[in-house]
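Following: one structure in structure tokens, then a few remarks.
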Amino acid sequence: MRQELRYALRQLTRQGGATLTAIATLAVAIGAAAATWTLVSATLLHPVPGAATAPWYAVHTERAGRAPAFHFVFPVLRLVEQSGAFERVEAAWGTHEHLRLSRRGASSDISAAFVTHGLLPGLGVPLQLGRTFTGGEDARGAAPVAILTDRGWRQAFGGDPAVVGETVGVGRAAVTIVGVLAAGFRGLNPADVPDLYIPLHTIGDVSSPLMNYFAEEGHVSSPTAGLRVFGRLADDADAAPAVARLTAAASRAQERGSLRVDRETRVGVTPLDVAVLAAATRAGLATFAQLLAATVGLLLLVGCAGVALLLFVRIEARRTEFATRLALGGSVTGLVRGLALEAAIVAGAGVVMALPVAWWLLRGASAFVLPGGVDVAALGADLDARALGAAAVAGLLAFLIITGVAALHASVRAAASDLLTPSAAARSWGRRGLRDSVLAVQVAVAVVLVTGALVFTASLRAALALNEPVAMETVAYAAFDLTPYGYDPVRAASAFAGLQSRLTAHPSVIAVASSVGAGGMGPAGRLAVDGLPRSFSRIVRVEAIDANYLDTMRLAVTAGRGFATSDDAGPLVALASVSLARQLGTVAGALGRRIELPWGRDPGATVPVATVVGIVPDLVTDVGELQPLTLYVPLARYQPQTYRTLTVRAAAGVEPVARAMAEAVREFEPAAVPPVVSTFREAIARQMSPQRLGSAVLGGLGAIALLLTALSVFVLGDAMATFRTRELGIRSALGATGADLVRLLFGETLRPVATGVALGIGVSIAGSRLVRAFAFQVEPLEPLRFACVAGTLLVLAVFASLRPALRAVRIDVARTLRDL
């Protein structure tokens with residue numbers, strides 16, 4: 001065995017360049033497989049690592065044709081506890097609160113999750129420092145405490161072990177740190193990873209006072225349905241009895257009038273590790289995972305094909321050696337064993353080299369966001385035992401494919417006695433069915449990968465071309481909230497006016513505008529238009545803007561008029577987006593319509609009604625809503641707030657604007673967290689992160705497939721010119737011209753390439769469902785795109801075949817005839 005191993009290594013080193021290329025290709029494919037498996041495991045298979053989720057369920061309600069709803073008003077927690085459906089009931093606020101962290105004179109932003117005191121221990125989440133919450137700390141009015149996640153501990157506190165027992169400012173309260181969670185646990189939602197946990201019942205003391213978290217009577221705001229309720233069943237217990245008890249409890253509460261539940265609404269439970277991902281997020285991640293898996297599988301197939309073609313050439317080059325071994329009593333099995341050993345060496349080296357490739361790919365992917373807003377960086381995904389196992393499985397699969405194809409090729413040659421006669425070289429190479437099939441598969445994979453990359457790239461370009469009147473790379477925005485710094489609405493208005501004045505005077509700023517999101521009405525609600533209730537297909541959003549907003553955004557009024565100074569008093573007026581105007585009837589017909597505004601108001605107060613006086617173009621800020629229904633009202637007519645969004649049009653780049661904003665904010669509030677300044681282009685690009693990732697992955701792998709295809713064509717063309725020297729010499733002696741020989745070699749090279757192109761187009765059409773799910777404003781099956789890819793591959797094949805074809809033209813006919 002040792003001798004065979006040394007012999008196999010010696011044979012591979014004789015073609016060192018081709019061998020290294022094959023190993024590198026397999027390393028990229030196997031590394032991509034390991035990285036893909038790591039991401040799939042972290043999002044779909046094990047979304048809550050470091051926790052025992054098996055006996056836990058999330059309570060939900062559902063109606064026919066709608067996705068389950070997991071968020072409830074606070075009294076539902078007591079209802080579930082009293083139902084007896086579970087042996088243990090815990091809860092968490094459904095969304096994390098982004099709050100200001102104040103520590104040692106410095107401020108930063110932090111993400112806080114609010115949970116009942118028994119949830120983390122119930123999930124078996126270990127701590128690396130300190131202790132967990134007590135029941136007394138999870139009570140209204142209790143002194144707030146917090147447990148840091150490992151990420152929050154390292155990023156916000158520098159991994160300082162002395163942080164336990166320290167009191168810091170979080171939101172509106174002083175919070176004492178009592179513990180740090182173990183590194184393996186990152187939270188209950190891969191799309192929203194918190195920095196710390198705080199007891200649920202102290203949420204009102206820490207977060208915004210405007211939120212009615214506990215559904216209290218007489219609160220300034222209506223109750224918010226934001227609570228998620230979890231229950232633990234006994235091990236291996238059936239969930240059906242729990243659903244029955246929950247349904248009975250909901251019916252009793254409805255009869256008492258303490259719970260409003262539609263008769264068509266059903267109560268159910270979902271396993272916790274499934275419920276942590278929203279249905280749309282899970283579906284998007286699953287489709288994206290399928291796309292990545294298909295891409296990696298195709299690249300692995302390209303790598304296997306490249307190694308198999310290398311072994312094909314080696315079989316032909318060692319024809320005399322194989323014939324001698326067979327004549328001396330050797331067997332085809334022995335020959336195949338030698339080829340398998342070579343394939344095992346190449347595949348094994350590919351697995352070893354794949355590990356740093358997988359690590360590098362995961363680091364690169366951390367700059368992207370997966371469907372559903374899952375930030376790859378927040379996942380903390382890294383190489384682990386599962387990733388190593390995936391790499392080993394991919395390497396084994398590659399070995400089996402390569403060995404199987406090479407063994408089939410060698411067996412066919414031996415069975416046909418091609419190896420026994422040196423003069424049969426041309427006939428041996430002429431039986432090219434298997435060889436051409438492998439090359440055609442390689443070309444087909446290149447077509448699929450490159451076409452998919454072009455679809456993703458075109459989708460990204462289409463998204464970045466939205467809002468053409470707006471210079472998306474020089475128009476930036478920043479959101480400010482002065483509530484954590486003790487500002488009331490009047491003082492905040494003065495601070496915002498000063499900030500806007502300072503920015504307007506800055507040399508890098510062309511224009512500055514202020515705006516506030518002023519609510520909206522969803523499709524389930526109704527707005528009164530001209531006194532009649534009216535439903536809309538999508539949410540109608542209200543934006544309160546100042547007089548500079550349209551000029552800053554370069555939104556020209558297309559019908560009617562814009563806002564005037566006199567509109568700050570007197571009858572309330574509004575501007576409608578083009579899409580909203582169309583839903584009101586016609587663009588021109590929307591002028592003069594009176595629309596009831598969906599603003600919060602006290603019972604008995606006058607309903608605010610705005611008259612549409614102008615129409616402006618749509619401003620797309622969400623790629624999922626290309627026809628936004630937006631109503632703009634004067635900022636002066638909206639109730640004063642302590643938060644605002646400043647929009648700035650910069651003279652050039654936004655870096656000077658960001659610095660100017662930070663300096664201006666520190667002037668009036670030294671403790672303020674520097675604002676996050678984003679251009680509209682960056683905001684759209686973040687929303688298109690799955691397309692950016694797909695473009696990068698498919699583009700990179702497609703480029704590799706193109707290069708390997710060109711290399712394979714060259715190697716095969718060169719091998720044909722070498723092994724068929726006698727045949728070509730005889731053809732030349734019998735009158736064949738150089739052009740005839742070139743056409744012969746080109747034809748035999750281009751036929752499998754053309755077959756592969758046709759096969760690749762067919763596979764692309766068949767798999768268009770996966771790509772279509774992420775195509776944006778682009779047709780995945782555009783004929784011109786296929787034509788460009790096919791033309792590129794054919795041109796590459798011609799250039800790769802050029803040198804072997806020219807060798808055929810320069811054959812020495814006299815020498816060839818002497819050697820016969």
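The values are calculated or read from the model by the stated rules, or taken from the named source; none is laboratory data. This structure is a prediction, so every number in the text was calculated from the model and none was measured. Positions of Cβ are backbone-derived with ideal geometry, glycine not excepted, and every protein chain shown enters the neighbour counts. Accessible surface areas use protein heavy atoms only, side chains included; no ligands, DNA or RNA. Shrake-Rupley method; radii C 1.70, N 1.55, O 1.52, S 1.80 Å.
Provide the net charge surrounding Gly522, with neighbours chosen by a C-beta distance below 12 Å and charges set as Lys +1, Arg +1, Asp -1, Glu -1.
So the environment of Gly522 carries a net charge of +3.
Nothing charged except the Cβ atoms of Lys and Arg (+1) and of Asp and Glu (-1): what's the magnitude of the dipole of segment 613-674 about its Cα centre? Round to the nearest 20 debye.
Value, rounded to 20: 200 debye.
What ³J(HN,Hα) values, in whole Hz, does the Karplus curve 6.51 cos²θ - 1.76 cosθ + 1.60 give for segment 26-33 when θ = phi - 60°, with x put for Gly and Pro?
5, 4, 5, 5, 5, x, 5, 5
Residue by residue through segment 118-128, what is 3J(HN,Hα) from phi via Karplus (6.51 cos²θ - 1.76 cosθ + 1.60, θ = phi - 60°)? Round to whole Hz and write x for glycine and proline.
Result, rounded to whole Hz: x, 5, 5, x, x, 7, x, 6, x, 10, 9.
Which value, in Å², gives the accessible area per residue of segment 584-701 when a 1.4 Å probe is used on the protein heavy atoms?
It amounts to 42 Å² per residue over segment 584-701.
When the dipole is taken about the Cα centre of segment 170-284, and only Lys, Arg (+1) and Asp, Glu (-1) are charged at their Cβ, what size is it in debye, to the nearest 20?
Dipole about the Cα centre, nearest 20: 160 debye.
How much of the accessible area of segment 537-599, probe 1.4 Å, is carbon plus sulfur, in whole percent?
For segment 537-599, the apolar C and S fraction of the accessible surface comes to 53 percent.
What number comes out for the charge environment of Phe668, summing +1 per Lys or Arg and -1 per Asp or Glu over other residues with Cβ under 12 Å away?
Result for the local shell: 0.
In Å², and per residue, what accessible area does segment 523-564 have when probed at 1.4 Å with the other protein chains present?
Here the residues of segment 523-564 average 53 Å² of exposed surface.
How much net charge surrounds Gly589 when only other residues with a Cβ under 15 Å from its Cβ are counted (Lys, Arg +1; Asp, Glu -1)?
+3
Report, as a whole number in µm² per second, the diffusion coefficient that Stokes-Einstein gives for segment 499-592 at 25 °C and 0.890 mPa s using the Kirkwood radius over alpha carbon pairs.
Stokes-Einstein gives a translational diffusion coefficient of 159 µm²/s.
Segment 89-136 to segment 605-631: how many Å between their Cα centroids?
Cα centroid to Cα centroid, the span is 38 Å.
How large is ³J(HN,Hα), in whole Hz, for each residue of segment 373-382 in order, when computed from phi with the Karplus curve 6.51 cos²θ - 1.76 cosθ + 1.60 and θ = phi - 60°, using x for Gly and Pro?
Going residue by residue, I get x, 7, 7, 4, 4, 5, 5, x, 5, 8 Hz, with x marking Gly and Pro.
Rolling a 1.4 Å sphere over the protein heavy atoms, what is the accessible area per residue of segment 88-208, to the nearest Å²?
34
Place the peptides 454-461, 92-99 in order of packing, highest mean first, counting for every residue the other Cβ atoms within 10 Å and averaging per peptide.
In decreasing order of mean packing, 454-461, 92-99 become 454-461, 92-99.
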